[in-house]
1. So, in segment 203-239, of the ones that are within 21 Å of V142 (Cα to Cα) and hydroxyl-bearing (S, T, Y), which residue ends up surrounded by the most Cβ atoms within 10 Å (Cβ to Cβ)?
2. Among residues belonging to segment 65-97 that are small (G, A, S) and crowded, with 20+ Cβ neighbours inside 10 Å, point out the one that is farthest from the chain's Cα centre (by Cα).
3. Looking at (1) surrounded by 18 or more Cβ atoms within 10 Å (Cβ to Cβ); (2) assigned to a loop (DSSP other than H, G, I, E, B); (3) among the aliphatic types (A, V, I, L, M); (4) at pLDDT 95 or above, which is the one condition that is false for V164?
4. Could you list all residues from segment 64-85 that are in contact with a strand residue (DSSP E or B) (Cβ under 6 Å, 6 or more places away or on another chain), closer than 25 Å to L139 by Cβ and not β-branched (V, I, T)?
5. Working only within segment 65-121, note down all residues that are touching a Lys or Arg at 6+ places or on another chain (Cβ under 9 Å), farther than 17 Å from I39 by Cα, in a loop (DSSP other than H, G, I, E, B) and free of Cβ contacts under 8 Å to residues at least 40 places away in the same chain.
6. Within segment 43-64, track down each residue that is crowded, with 24+ Cβ neighbours inside 10 Å and not in a helix (DSSP H, G or I).
7. Can you spot a residue in segment 136-158 that is assigned to a helix (DSSP H, G or I), acidic (D, E) and at pLDDT 95 or above?
8. Residue pairs, Cβ under 9 Å, 6 or more apart or interchain, first in segment 225-242 and under 16 Å from R174 (Cα atoms), second among the polar types (S, T, N, Q). List them.
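The values are calculated or read from the model by the stated rules, or taken from the named source; none is laboratory data. Note that the coordinates shown come from a computational prediction; the quantities given were computed from them, not determined experimentally. We place every Cβ from the backbone using ideal geometry, glycine too, and count neighbours over all the protein chains shown.
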Amino acid sequence: MTPADTIEAGLQQLADDQLASFDTELVNDARWAPVARCIARDFPAGRFTFLDVGGGSGMFADRILESYPEARVTVLDNSQLLLSRNKPNPRKELLLESVERLGAAVGDRRFDLISMNWLLHHLVSPSYGRTRSNIDAALRMVSRFLSDRGRLSVHENLYNGIAVDGAPGWIIHRVTSNKALAALARRGGANSAGVGVCFLSRRQWLKTFRRAGLEVESETLDVRWKVPWKWHVALHIAHIECGHYWLRPR
C-alpha cells in the first residue's frame, strides 16, 4: 500500500462542542429523494446491508431502517458523544472507530451500500496537499468494503471558485486549520476553526471520484446557496451548492 492509498495518522479532531454543533440531519426530504430513487433502482427488494461511515447520532441510518424493513445498518463514528445519541434498534450496530481504521472495525465484511455524508471534507491534515490525499485514500479504502453489487452514496458541499475553480477550498483550509486564526475564523462562522475543513468544487469532486476508481451513476445538485457578498470577495466564491453522488467502482 502506497502513501497515496493511506489516510494520514493523527487526523485533526473536532472537540465535543464542535461535534455537537454538527449533530443535525442535513438530509432533508429533497436530499433524500435521489437516495431513495437510487436504492429503488439498484436494490428493488429493499434488502441490503448498509454502512454509514461517520454516521454520528444515526439519524440518516434511522431513516434507512424506517424506509427499508429488511435492511441491516452499521453506524461507524469516532465520537462516543454522537454514538451515544443513537436510537437503539435490533437491526442497527454501532462501531466506535475512525474511518482510517475501518478494516479493523469491520474485518472482512462487505456492504451493499456505504454512505459518507459530509465526512470527506473533515479528513484534515495541516497540509492542504496531504488533506486532499486523505480524501482520495478514504474513497479508495471504503470502496474495498463494497459487495459485488455495492454502491457508495456521498453528500458533499461544493465550493466553486470565480476565476480559480479550487481557490475557495484552498483558502478556507488555510484559514480554518491555522490555530492562530481560530478566533477570527470562529467569528466568521467556521465551526471547524482551529481544526480545519477542506471543501472542493464540483469539478474537483468529479476528478477525485475518477481518481479513486469510482464512476458517477447519478449526480443531484441542490439550488445554489445565498451567501453574503463579503464571502464571495474574501473567499473567491462564485457559488456554493450541495451535491449527492451515487457511485460504483469502475
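1. The residue in question is T208.
2. The initial filter retains those residues of segment 65-97 that are small (G, A, S), namely 67, 71, 79, 84.
Of the ones still in play, those that are also crowded, with 20+ Cβ neighbours inside 10 Å are 71, 79.
Working: A71: 21, S79: 15 Å.
The residue in question is A71.
3. (1)
4. Within segment 64-85, A71, R72, L76, L83 qualify.
5. N86, R91
6. Of everything in segment 43-64, those that are crowded, with 24+ Cβ neighbours inside 10 Å and not in a helix (DSSP H, G or I) turn out to be F50, L51, D52, V53, G55, G56, G58.
7. Just the residues of segment 136-158 that are assigned to a helix (DSSP H, G or I), to begin with: 136-143.
Remaining after also requiring acidic (D, E): 136.
This time we only want the ones that are at pLDDT 95 or above, so: 136.
Yes, that holds for at least one residue.
8. Taking only residues 6 or more apart or on different chains, the pairs are I237/N160.
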